[in-house]
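One structure is given below, encoded as structure tokens.
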Amino acid sequence: MSNFAFGTYRISDLNPQHVASLKEAIESGIKMIDTSSNYMNGGAERAIALAFREFDEDKKDEVEIVSKFGYIQGTDLIEYKEDSSAIKNSEEVVKYSQDCYHSISKSFLHNQLSMSLKRLELEKLDCYLIHNPEYYILDAINRAIPKDERLDEMYRRLEEAFVGLEEEVKNGRIGSYGVSSNSFSLPELSDEFLPYEDLLTLAQNAAKRVGNKIHSFTTIELPINILERDGLKCASWAKNSGLRVLANRPLNAKNNNKMYRLADYEESKEYYHHFNELMEICDNEALKPLYNLLEQLDANKHKFGWIGDYDIFLFTQIIPLIKKTLEKVDERNIQAMLNFIDLYLAEYKKMVAYECSINTKKELKEFFNECGLSMQECAIRFLMQSQNVDYILVGMRKPSYVHQILSWRR
């Protein structure tokens, strides 16, 4: 049966509830925390450090920290050459570009790891993953580079990164390494698919170049969920190759190019109270644009495809309009207005999530009809039953989420 790991994609050191959730998870026996240098601009790693301060060394040693760095897509590295006139032919261009990339990637890796260790307040990281290396493939596709050429270059860049990681293992700053890639989960015929069968060979080559007797490539991370099952083939290969598998996005899933949140949400009991209260306040000429916005939001709360669509709409449409309208509000009343708006938006998001979950259940009934549990528990149990998944990464931004998720192990 798979274990649960604490995923920190939206965890921040600035949110006390997030830090409290990490503490609760550690106290409850969680054995792995997955993070990245770019999650909340380093805030996720800082939150882990804050939580760890509450525990002694023995307890901290029980928890494996997995972090990530990226990306290795790069640009046309010839621009880094100051005396480019010295390059005589295409072979020299290629060789210089490769040498330059090797130097830059190793320096970048070293600096990224140093910053992560500082944020985490650690001297050694248990496992360090290359984060979404397929961005190079996407860039190469946009530049019309033939498939064979872009894959050759992808493997070359991966091997160079593995060399840097093997050196960090040798220097004692990381215990092992691996790759986290969304492209592992794509169909093999997809142009964006990242073939994985040669990763171990690349790791062996890297270890040999560094002088390590055996490679330290141990881990792959990829999206696997009840809707997206192509990644199970990669997971099977990994387990047969002696690697471990971390499954991310267990509850945020794609089907027919549409995103779904695989979770049930309750209808807000306070929504209409806050809605009617704010509508009454805005029923005047100065606040007419906000009044109209509230009417539109209420009429369309069932039309969002998934909760992520609402989050984008909130920051690109709702908040700018609110800010513009509030410019007309007297400074003495602005804080009171903001309080009313905050209460309303919190309940509106609950209603959107509720409506999305209803629509999701209707559209995906074939996946959940026979389960008889909440969508989130059905989705998690699907992964728990997979023999090829070692850890399921779940976001637990509230202590109550920690208890709910961990109760499913029983």
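Quick look at the numbers
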{"quantity": "Pick from the range 114-138, criterion charged (D, E, K, R) and either surrounded by 21 or more Cβ atoms within 10 Å (Cβ to Cβ) or touching a Leu at 6+ places or on another chain (Cβ under 8 Å) (or both), ranking: nearest to residue 67 (Cα to Cα)", "calculated": "124"}
{"quantity": "Residue match in the range 119-141 (condition: over 29 Å from residue 226 (Cα atoms) and among the aromatic types (Phe, Trp, Tyr))", "calculated": "no"}
{"quantity": "Flag if residue 390 is more than 21 Å from residue 273 (Cα to Cα) and at pLDDT below 95", "calculated": "no"}
{"quantity": "Inter-residue pairs, beta-carbon under 6 Å, first in contact (Cβ under 8 Å) with a residue 40 or more places away in the chain and among the charged types (D, E, K, R) and in the range 200-227, second assigned to a helix (DSSP H, G or I) and surrounded by 21 or more Cβ atoms within 10 Å (Cβ to Cβ), 6+ apart", "calculated": "209/163"}
{"quantity": "Any hit, the range 334-344, residues being surrounded by 14 or more Cβ atoms within 10 Å (Cβ to Cβ), at pLDDT below 95 and not in a helix (DSSP H, G or I)", "calculated": "no"}
{"quantity": "Enumeration of residues in the range 17-26 that are open to solvent by 10 Å² or more (accessible area, probe 1.4 Å) and over 19 Å from the mean Cα position of the chain (by Cα)", "calculated": "17, 20, 23, 24"}
{"quantity": "Out of 339, 369, sole residue that is over 30 Å from residue 234 (Cβ atoms) and of a type in the set (S, T, N, Q)", "calculated": "339"}
{"quantity": "Yes/no for residue 14 being in a helix (DSSP H, G or I), touching a residue at least 24 places away in the same chain (Cβ under 8 Å) and either within 30 Å of residue 386 (Cα to Cα) or open to solvent by 40 Å² or more (accessible area, probe 1.4 Å) (or both)", "calculated": "no"}
{"quantity": "Hits in the range 294-312 (condition: in a helix (DSSP H, G or I) and at pLDDT below 95)", "calculated": "307, 308, 309, 310, 311, 312"}
{"quantity": "Close pairs from the range 350-377: first at pLDDT below 90, partner assigned to a helix (DSSP H, G or I), Cβ under 8 Å, at least 6 apart", "calculated": "371/377; 371/378; 371/381"}
{"quantity": "Looking only at the range 1-11, and only at residues there that are surrounded by fewer than 24 Cβ atoms within 10 Å (Cβ to Cβ) and under 18 Å from the mean Cα position of the chain (by Cα), the one that is farthest from residue 244 (Cα to Cα)", "calculated": "10"}
{"quantity": "Selection status of residue 147, in contact (Cβ under 8 Å) with a residue 24 or more places away in the chain and under 22 Å from residue 65 (Cβ atoms)", "calculated": "no"}
{"quantity": "Of residues in the range 348-373 being surrounded by fewer than 17 Cβ atoms within 10 Å (Cβ to Cβ), assigned to a helix (DSSP H, G or I) and of a type in the set (Asp, Glu), the one farthest from the chain's Cα centre (by Cα)", "calculated": "366"}
{"quantity": "Matching option when the condition is in contact (Cβ under 8 Å) with a residue 12 or more places away in the chain and either assigned to a loop (DSSP other than H, G, I, E, B) or in contact with a Pro (Cβ under 7 Å, 6 or more places away or on another chain) (or both), among 168, 160, 192", "calculated": "192"}
{"quantity": "The range 27-58 - residue that is assigned to a loop (DSSP other than H, G, I, E, B), closer than 18 Å to residue 406 by Cβ and touching a strand residue (DSSP E or B) at 6+ places or on another chain (Cβ under 7 Å) and, of those, least open to solvent (accessible area, probe 1.4 Å)", "calculated": "30"}
{"quantity": "Members of the range 267-282 found to be open to solvent by less than 60 Å² (accessible area, probe 1.4 Å), over 35 Å from the mean Cα position of the chain (by Cα) and in contact (Cβ under 8 Å) with a residue 40 or more places away in the chain, listed by number", "calculated": "278, 281"}
{"quantity": "Residue satisfying condition, being aromatic (Phe, Trp, Tyr) and within 26 Å of the chain's Cα centre (by Cα), within set 291, 196", "calculated": "196"}
{"quantity": "The range 156-181, subset open to solvent by 40 Å² or more (accessible area, probe 1.4 Å) and at pLDDT 95 or above, residue farthest from residue 207 (Cα to Cα)", "calculated": "173"}
{"quantity": "Matching residues, the range 199-232, being open to solvent by 30 Å² or more (accessible area, probe 1.4 Å) and under 21 Å from the mean Cα position of the chain (by Cα)", "calculated": "218, 228, 229, 230, 232"}
{"quantity": "Condition broken by residue 264, with the remaining ones in (1) more than 26 Å from the chain's Cα centre (by Cα); (2) open to solvent by 40 Å² or more (accessible area, probe 1.4 Å) satisfied", "calculated": "(1)"}
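The values are calculated or read from the model by the stated rules, or taken from the named source; none is laboratory data. Since the structure is predicted, the reported quantities are computational estimates derived from the model, not experimental observations. Quick reminder, even Gly has a Cβ in these numbers, built from the backbone with ideal geometry, and neighbours come from all protein chains shown. Surface accessibility is based on the protein's heavy atoms, side chains included, excluding ligands, DNA and RNA. Shrake-Rupley method; radii C 1.70, N 1.55, O 1.52, S 1.80 Å.
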